[in-house]
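The structure under discussion appears below in the form of C-alpha cells.
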Amino acid sequence: MASERPAHAYLPFFVAALAAAGSLACASPALAGPEVLREGLFGARPSPGRSTSPPVARYVSQDGDGFVLDRSQPRAFLKFDDSPEVWALHPQPAPRGDVIYKNDLGEPMLRATRLGGLTIFTPERPGGSPAALSGGGPTLRLPSMGPQALLERLAQASAKATRAARRLIPFEADASPASSAVVADAAMVAAEAVVRMSRRPDARGLLAKLSKVKLVEGRKPSAVLHGSEMRITVAPAEGLAGRPSSDKIMMAAGSR
C-alpha cells in the first residue's frame, strides 16, 4: 500500500475508470531577462505617458472571451474562463517594443503593447481581438497534491476522456511526491485534449488510435504517441510550465 512506502519512494498509480465505463453505458524557459522585459513594459516606474498593467488581472476580448493573465511569476500564464487549462506562455520581443506571448508550439496567443494594450489570438480569431481590463484575477499556480487527491484527479481525467471518446480510456501515472501536482494537472489537460479531438469532424479516426494515457516524469515536457498509448512527460521543477499543452497533445495524436 502507498502508506507503507517512504516519502521519497516512487508512487505508481493506475486508474481503470470502471465508474467512467458505467457512466458511459448510461449516457451517450522564458526568453533571457523576463524581468527586464516586464520592468520595461509593465514596471512600477513607467516613463511619462506610459500606462501600467496589473501583474495578475482578468480581461475580456472584443468578442466576449474572458481570460486571466498572470505575469507575476517568472513565466506568464493564461487561463480562459470557459476552460480548465492553464497555458504557459513564452514571451518574445516584437516591433515597437511590444511582446508576443507564444504557446509551446510557438504559436502566438497574446500580444502586449508597451502601453499596456492586449490582443488575444484564438482559433476563431487568428488575426487577433483586442482585450480590455475588467478587474482582478487569481494567481495561476499548482495546488498541493497528495496521493489520494492524485488518484481522484486521474479518475476524473479518465472519466472525462472516456465520455468524450465513448469508450474506456484509462490513465496511468508514475508520480513522486514532488511531481504529483503537475502530473494531476497534465492528466486534466490530456483529458481536455481528448474532448477537443472528439469535436472534430475526423474524431472517430483520431480517437480510434488512442487506447491509454501514460504520464511519467522527465527532464522536459513532451507528448508522444507510442502505438495506441499517449505518453506524456512532465518536468516537475517547471511547475505549470512543466507539462505539454492540449495543443501539443493533439498534435502528437495527429489532429493538428
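At R0 = 35 Å, how high is the FRET efficiency between Arg167 and Arg141 if r is their beta carbon distance? Nearest 0.05 is fine. For R0 = 35 Å, the calculated efficiency reads 0.55. In this simple spin-label model, placing a label point 7 Å from the Cα along the Cα-to-Cβ direction at both Ser83 and Arg219 gives a separation of 3.0 nm. With the biggest extent put first, the Cα atoms of the range 81-168 measure 49, 30, 25 Å across the principal axes.
Excluding same-chain residues fewer than 8 positions from Lys214, which lysines have a Cα within less than 23 Å of its Cα? List returned: Lys160, Lys248.
Working note: Karplus 6.51/-1.76/1.60 with θ = phi - 60° gives the range 150-162 the couplings 5, 4, 5, 5, 4, 5, 5, 5, 5, 4, 5, 5, 5 Hz, where Gly and Pro are set to x.
Using only side-chain charges placed at the Cβ, +1 for Lys and Arg and -1 for Asp and Glu, the dipole size of the range 72-187 relative to its Cα centre rounds to 220 debye.
Quick note: the coordinates plus some simple rules give every number you see, no bench work behind them. If you're wondering where the values come from, they're calculated on a predicted model, not measured in any experiment. Cβ sites come from the backbone with ideal geometry, for glycine too, and all protein chains shown count toward neighbours.
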